[in-house]
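First comes the structure, then the notes that go with it.
The values are calculated or read from the model by the stated rules, or taken from the named source; none is laboratory data. Given the structure is predicted, the values throughout are model-derived calculations rather than measurements. With ideal geometry, Cβ positions are generated from the backbone for all residues, glycine too; neighbour counts draw on all protein chains shown. These accessible areas exclude ligands, DNA and RNA; they are computed on the full protein's heavy atoms, side chains included. Shrake-Rupley method; radii C 1.70, N 1.55, O 1.52, S 1.80 Å.
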Amino acid sequence: MNSVPRSLPVSGLDDMSNESRMIATPWSRMLRGIGLGQYPIDYDPAIAGHLRDTFDQLAKKVSPSDGYTLFCREMTDFTLRVVEPGRDRAWIEPAVGPLLEAVRSVANPYYRAMAGSILLDAFAKLGLDLSLLVNDERDVPAEVLGMLDEIAPDAIPDENQGRHGEYERVSASASVFLALGQLGLQDRLVTAERNHVVEALNLLDRIPIPYFCGRAGGMLMSVIALIGHTEHIFDGERDYMREVLEYLTRADEVGNWPAFPNPMPKPWLKVYPLLTMLNAVAMCGRAEYLTQPIDALAEARDLMGQIPWTTRVHMAQYWVIALHNLGRLADELPDLDAFMKDVTAVLDIVDPGENFSPRGNAYPYIIELSMMTGRMDLIPDEALVRMADSFPDLDRTGEWTNAIDDNRANRAFPVSYVLNVLGEIGAAEQLMFTPRDRYEGRSAIAWMVENISEGAREEGDRISMLDHALVSYALRMRGADTEETELFKNFEFPFSK
């Protein structure tokens, strides 16, 4: 077997950018489309061709009404044209109008706001002139901000129907607020006429389940801290961080647990929102919330210890990054090497083709955390190959599988995670885009798209995860020496000073 080439963007936690410390996990990027384009690299014409080819194939498979995939295709092509060396810039201004129309064509209000956020964020990261978006003819940031008002509660048609409340609007608010901040327009969020920040925080009351409240609230508060509006979390009539943390302590009492096709341990359901909130505490710099209303670090430690390693690895990245951002990593995990050996040992006992989650996305979490902590020597080539070749196995039934259709319909979940992490470590060309025997002479990504149901009727909006992975890869190619935007560059993690 030929060795798998690797080109690592970081050598340890201290190398990570502020954006990657804040939006570290693939869940935020692949599912929510926030923080795309991390770990910038130089333009690669071969990869650019693969991304375009994949979207061409996707466009033939999805429904013509899937405006979101079509927008992501246009966004990817636009990005690749911007970053391609030697190309003139005269085409950019006339291309903005059609790109905006692609955003407006997205029928679902949540995904329309996400498309707008991705566009704004991309313009900031590509260093494009703000006048392309704000001029006498248009004010795109204002238009995208207004899209939040169109998002209705409980509109996600999945197994948790009725448990989400305003979850989508809170999540979209975090994305839109961040996008405006990336353009230096965060002052628009708090005006004499309207306080969008407080409005979003007030929506947390309308998420009827601690699990979703903590996950959405943690990212929202992290964004609010980043854009400099932390006072609205703590110093107004309410203390929203305390309220959410107290709500999480009542998870057993509330008893409204989220449903998943493959059930997850209750300690996992409790620690997930807690860890996202701990990262928000790190962003806000309020150490008192580590002990009020409970000793949050001790609670996280206890819950993590109750979760079997096969599912604990999904939370390991959240835990390590939160502890690092809090300046408490050495206290809580004094032997990081031993911890990472336990994490990577799961590669030998989990079959990534058993189900789409938690098995199918376990490997990407393990590999990405190994990359972040500078422990990629613990990841053998065989594990990378096993992961990349696992997608056809999701057509089979298994011990954890409730219905074979669940794995097929959700295949974009692990595929997006795998494409993302293999791109980060420089192995996507060989393992995702090159024809392989496992896929009968096709590439893994081409096989995946070919096996999408007609019109993507079975997959539905899950295809957006693959869309995000492709857009993110394109945005990464803005140049290896590209600095963070001013918003991230000027932020200091309070506990790291």
Restricted to the range 335-355, and to residues that are closer than 21 Å to Glu424 by Cα and touching a Lys or Arg at 6+ places or on another chain (Cβ under 7 Å), which residue is surrounded by the most Cβ atoms within 10 Å (Cβ to Cβ)? Pro352
I'd like to check something: does the range 233-246 contain any residue that is hydrophobic (A, V, I, L, M, F, W, C), under 21 Å from Tyr365 (Cα atoms) and either open to solvent by 20 Å² or more (accessible area, probe 1.4 Å) or touching a residue at least 12 places away in the same chain (Cβ under 8 Å) (or both)? no
Ser453 fails exactly one of the following numbered conditions: (1) farther than 26 Å from His314 by Cα; (2) crowded, with 18+ Cβ neighbours inside 10 Å; (3) polar (S, T, N, Q). What is the number of that condition? (2)
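Only one residue in Asn256, Asn262 is exposed (fewer than 15 other Cβ atoms within 10 Å of the Cβ), at pLDDT below 95 and either in a loop (DSSP other than H, G, I, E, B) or basic (Lys, Arg) (or both), so which one is that? Outline the logic, then answer.
Numbers: Asn262 fails: exposed (fewer than 15 other Cβ atoms within 10 Å of the Cβ).
Exactly one residue qualifies, and that residue is Asn256.
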From Asp393, Asp389, which residue is at pLDDT 90 or above, closer than 21 Å to Met30 by Cα, in contact with a helix residue (DSSP H, G or I) (Cβ under 9 Å, 6 or more places away or on another chain) and surrounded by fewer than 21 Cβ atoms within 10 Å (Cβ to Cβ)? Asp389
Return the total of residues in the range 356-368 being polar (S, T, N, Q) and open to solvent by less than 10 Å² (accessible area, probe 1.4 Å). 1
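Considering only residues that are over 15 Å from Arg188 (Cβ atoms) and either in contact with a helix residue (DSSP H, G or I) (Cβ under 6 Å, 6 or more places away or on another chain) or aromatic (Phe, Trp, Tyr) (or both), which ones fall in the range 140-155?
Glu150, Ile151
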Given the conditions (1) under 20 Å from Gly426 (Cβ atoms); (2) of a type in the set (A, V, I, L, M); (3) surrounded by 23 or more Cβ atoms within 10 Å (Cβ to Cβ), which single one is not true for Met376? (3)
Please pick out the residue among Pro26, Pro109 that is under 21 Å from the mean Cα position of the chain (by Cα), under 24 Å from Leu431 (Cβ atoms) and surrounded by 14 or more Cβ atoms within 10 Å (Cβ to Cβ). Pro26
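How many of the residues making up the range 456-475 are within 21 Å of Ser17 (Cβ to Cβ) and open to solvent by less than 10 Å² (accessible area, probe 1.4 Å)?
Number of matching residues: 6.
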Complete set of residues in the range 301-332 that are crowded, with 23+ Cβ neighbours inside 10 Å and over 20 Å from the mean Cα position of the chain (by Cα): Leu326
Checked Ser63, Ser3, Ser7 against criteria (surrounded by fewer than 21 Cβ atoms within 10 Å (Cβ to Cβ), touching a residue at least 60 places away in the same chain (Cβ under 8 Å), in contact with a strand residue (DSSP E or B) (Cβ under 9 Å, 6 or more places away or on another chain) and among the hydroxyl-bearing types (Ser, Thr, Tyr)); the one match is Ser63
Going residue by residue through the range 129-142, is there one that turns out to be under 23 Å from Arg457 (Cα atoms), at pLDDT 95 or above and not polar (S, T, N, Q)? no
